[in-house]
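Colleague: Mind looking over this structure? Questions follow.
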Amino acid sequence: EDGRHPFGQGVITYANGEIVNWLTTLSDSFRVADDMGKLRAQLKIFHKPLFGWKGSYVVTQYAAEKTVSFDHGPEGSIAEDCFFSMVAMKHGYTFDFIEGEMLEKSPFTMWDFLQQRKRWLQGILLTVHSPNIEAAHKTLLALSLYAWTTMPVTSLQIFLCPLFPLPKCMPFDVTIAFIASINLYMYLFGVVKSFSHRYRKNVWRLLFYTLGAAVVIPFNIAIENLAVLLGLWGDKRQFFIVQKEREPIIV
């Protein structure tokens, strides 16, 4: 608005209007907290998309967008938003956080939810491994990606720790507990933000939504793990389109 930053993005929420699939919508509450934390910090403080950004909420100045371009070949076409942000940062463009919400729908089916996550992972893999983007611009994105790709290994600790207990190490135990608590908090915080328009007159309804978010965490973990496995070994050049529209009911 003030002309200082050619690119901007804000918070995306998913619980507005009719909710088609409660499981996917509650799972996406994590992403709302992610927008208000990581996304806001990187764009508001550093004015750089250090960890990338989301394609469904992109506000640009025309000249800057034309210079960066979305046309970067197959490797820049699967997670085109992420690739675009890295190229823009490479050209020295700055970003800012927009104080305004984008209203979006979560995937309508479990299959779409899975395919959406798989495409994100594959697209970011292509971005991180692209020789056209310098390491200086994608290092933090790469660290985030590799943490994501090792999720199946870290998830196995639920079963491995009881079977093969290791000697206690307080620094590691505290770190793991802190990370787990932050992840749980993000689900709950995301629900409060997403459903704020629905519980203003009913606190019990908010509590119900919050408990629902906690219940779907195992489902979300399972889907994310499956998406990682399919993404790592599947064809990385396919773009899956998630259905976000419903046929109108004619009465």
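Colleague: Taking θ = phi - 60°, what integer Hz values does the Karplus form 6.51 cos²θ - 1.76 cosθ + 1.60 yield along segment 77-87, in sequence order, with x for Gly and Pro?
Modeller: After applying 6.51 cos²θ - 1.76 cosθ + 1.60, I find 10, 8, 10, 4, 5, 5, 4, 4, 5, 5, 5 Hz.
Colleague: Taking Cα centroids, how far is segment 30-69 from segment 104-159 in Å?
Modeller: Answer, in whole Å: 17.
Colleague: When averaged across all projection directions, what area in nm² does the alpha-carbon convex hull of segment 150-251 cover?
Modeller: 11.7 nm²
Colleague: In debye to the nearest 20, how big a dipole does the chain give about its Cα centre with +1 on each Lys and Arg Cβ and -1 on each Asp and Glu Cβ?
Modeller: Value, rounded to 20: 480 debye.
Colleague: In addition: When P(r) over Cα pairs in 10 Å bins from 0, in percent is calculated directly from the model, which label among (i) 8, 34, 40, 17, 1; (ii) 7, 27, 35, 23, 7, 1, 0; (iii) 7, 31, 37, 19, 6, 1, 0 fits?
Modeller: The value computed from this structure is option (ii).
Colleague: Past 25 Å, Cα to Cα, is the threshold; run LYS38/LYS118; LYS90/LYS193; LYS44/LYS118; LYS118/LYS168 against it and keep the listed order.
Modeller: Over 25 Å apart, Cα to Cα: LYS90/LYS193; LYS44/LYS118; LYS118/LYS168.
Colleague: From the phi angles alone, apply the Karplus equation (6.51, -1.76, 1.60; θ = phi - 60°) to segment 99-105 and give each ³J(HN,Hα) in whole Hz, x where the residue is Gly or Pro.
Modeller: Ordered by residue, 3J(HN,Hα) equals 7, x, 8, 9, 9, 9, 9 Hz.
Colleague: Given springs between every Cα pair under 10 Å in a Gaussian network model of the chain, which of VAL20, VAL174, VAL32 has the largest fluctuation?
Modeller: VAL174
Colleague: Percent relative contact order of the chain, based on C-alpha pairs within less than 8 angstrom and at least six residues apart?
Modeller: 31 percent
Colleague: Another one. Test of understanding: in a Gaussian network model of the chain with alpha carbons linked when under 10 Å, which of ARG119, ARG205, ARG237 would top the mean-square fluctuation ranking?
Modeller: Of ARG119, ARG205, ARG237, the Gaussian network model singles out ARG205 as fluctuating most.
Colleague: Top mean-square fluctuation among LYS193, LYS168, LYS90, Gaussian network model of the chain, C-alpha springs under 10 Å?
Modeller: Among LYS193, LYS168, LYS90, the largest mean-square fluctuation in the Gaussian network model of the chain belongs to LYS168.
Colleague: Measure off 7 Å from each Cα along the Cα-to-Cβ vector at LEU232 and VAL174, then give the distance between these two points in nanometres to one decimal.
Modeller: Going from the LEU232 label point to the VAL174 one covers 3.1 nm.
Only the coordinates and a few stated rules stand behind these numbers; no lab work does. Remember, it's a predicted structure, so these values are computed and weren't measured experimentally. Methodologically, a virtual Cβ is constructed for each residue, glycine included, from the backbone with ideal geometry; neighbour enumeration extends over all protein chains shown.
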